[in-house]
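Data block below; observations after.
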Amino acid sequence: MKYTIKHQPIQTLVSGDTLHITSYEFIGGPGPKIYLQANLHGPEILGSMILLKLIDHLKTLDSIKGSIIIVPQANPIATMAQVYGHQVGRWNQQTGNNWNRIFQMDASRLNTKSIEGKLASNLMGLASQHDYVLDIHTSGKESVSHLYTTKESVSSFAALSPSVSILYSSSDYFNAFDESVAMANDCVAGTWEAGAHGEIDSSALEERVGELMLWLKSLRVLESHSEAESHLDSVVTIDDTKTLYANAPGYVVWLVGAGDVVEVGESVCEIHNPADGSKVLLLVEMKVLILSKYPLQAVSVGQEIGKIIYK
Ligand SMILES: [Zn+2]
């Protein structure tokens, strides 16, 4: 089908060159309006490939019902923030601000003289007046797929089959993209944590592309010859989502994987202290599911090593 590629300038660089956000617009017949983006945080590149695969698929179709606007690289500044073989663009390197805390419920309050305000204003503008908005992220060095959205919207995303859906309410407002767009436009919006940071795992990629297609079929945007599969395994609130902190200094050896359920009194990792050769186990006090394991494995006490949810 026909599509349009648009380039919105967002920053003139010190070299004099201009950075753009590229959007792909597929406009079909009557139907829902969908907005998809990925790579707002620099290391979170799996979502970009998911969207590029979707673009390839859409090009082969005669038409769709409704429209889809796709931004595979929402934040080129963050994508280019790289140190010693690693992508580090979770924060603006000048201000230290998290790139997914720069948005406003009222987009007119954004200061577009700043690059953060300019980027946020452009992305909120692209996403406005859509029925469904999905922002694709990743979490940690290993994670299970999970979705952040509201209680009202969670069932709309069931065909994505997230292992865990985490509900937030308006009192949890963090200036994130999905919640800002939802409040500004009264649409269904969510953040899909589709895999791990800094890598494009081919089997995770195929799985997630399949889930995204099923979701678009469930919304009747893509043709479906059977009822799209939908299931929500686990729905929790954001208060049930907890960070796991190191309880001892040293080197972390994980004993569990993302997606594992750990019973009360069992340990998730051992931490080996180089100063005295001792080993300390990190036990959980409640039954938990391991949502994400963070990359850091040489830690001081109190550092974040992962994310869990209470079961
Ligand atoms: Zn992210």
| Where residues in the stretch 174-197 are touching a residue at least 40 places away in the same chain (Cβ under 8 Å) and surrounded by fewer than 18 Cβ atoms within 10 Å (Cβ to Cβ), which of them is farthest from the ligand (Cβ to nearest atom)? | Met183
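Restricting to the stretch 159-169, count the residues that are touching a helix residue (DSSP H, G or I) at 6+ places or on another chain (Cβ under 7 Å) and away from the ligand (no atom under 14 Å from the Cβ).
Qualifying residue count, the stretch 159-169: 6.
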| query | Name the pairs whose Cβ atoms lie under 8 Å apart, with the first residue in the stretch 38-60 and on the phi > 0 side of the Ramachandran plot and of a type in the set (D, E, K, R), the second within 12 Å of the ligand (Cβ to nearest atom) and outside any loop (DSSP other than H, G, I, E, B), and 6 or more positions between them or separate chains? | reply | none
| task | Among the residues of the stretch 125-158, count how many are part of a loop (DSSP other than H, G, I, E, B), closer than 26 Å to Arg109 by Cα and within 12 Å of the ligand (Cβ to nearest atom). | result | 0
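Among the residues of the stretch 62-72, is there at least one that is buried (at least 19 other Cβ atoms within 10 Å of the Cβ), more than 16 Å from the ligand (Cβ to nearest atom) and either among the charged types (D, E, K, R) or on the phi > 0 side of the Ramachandran plot (or both)?
Of all residues in the stretch 62-72, those buried (at least 19 other Cβ atoms within 10 Å of the Cβ) come to 64, 66-72.
After this cut, where a residue has to be more than 16 Å from the ligand (Cβ to nearest atom) as well, the list is 64, 66-70.
Still in the running and either among the charged types (D, E, K, R) or on the phi > 0 side of the Ramachandran plot (or both): 66.
Looking through the stretch 62-72, at least one residue is buried (at least 19 other Cβ atoms within 10 Å of the Cβ), more than 16 Å from the ligand (Cβ to nearest atom) and either among the charged types (D, E, K, R) or on the phi > 0 side of the Ramachandran plot (or both).
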| query | Tell me, which residue of the stretch 27-61 that is among the aliphatic types (A, V, I, L, M), more than 16 Å from the ligand (Cβ to nearest atom) and part of a helix (DSSP H, G or I) is farthest from Leu123 (Cα to Cα)? | reply | Leu58
| query | If you check Phe174 against the conditions, is it of a type in the set (Phe, Trp, Tyr) and in a loop (DSSP other than H, G, I, E, B)? | reply | yes
| field | Residues within the stretch 212-228 that are surrounded by 14 or more Cβ atoms within 10 Å (Cβ to Cβ) and out of contact with any Asp or Glu (no Cβ under 9 Å at 6 or more places or on another chain), tallied | value | 9
| task | Please indicate, with yes or no, whether at least one residue in the stretch 223-236 is assigned to a loop (DSSP other than H, G, I, E, B), hydroxyl-bearing (Ser, Thr, Tyr) and touching a helix residue (DSSP H, G or I) at 6+ places or on another chain (Cβ under 7 Å). | result | yes
| Has the stretch 207-224 got any residue that is touching a residue at least 24 places away in the same chain (Cβ under 8 Å) and under 14 Å from the mean Cα position of the chain (by Cα)? | yes
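Quick note: the coordinates plus some simple rules give every number you see, no bench work behind them. It should be emphasised that the depicted structure is a prediction, and the values quoted were computed from it without experimental measurement. Backbone-built Cβ (ideal geometry, glycine too); neighbour counts: all protein chains shown.
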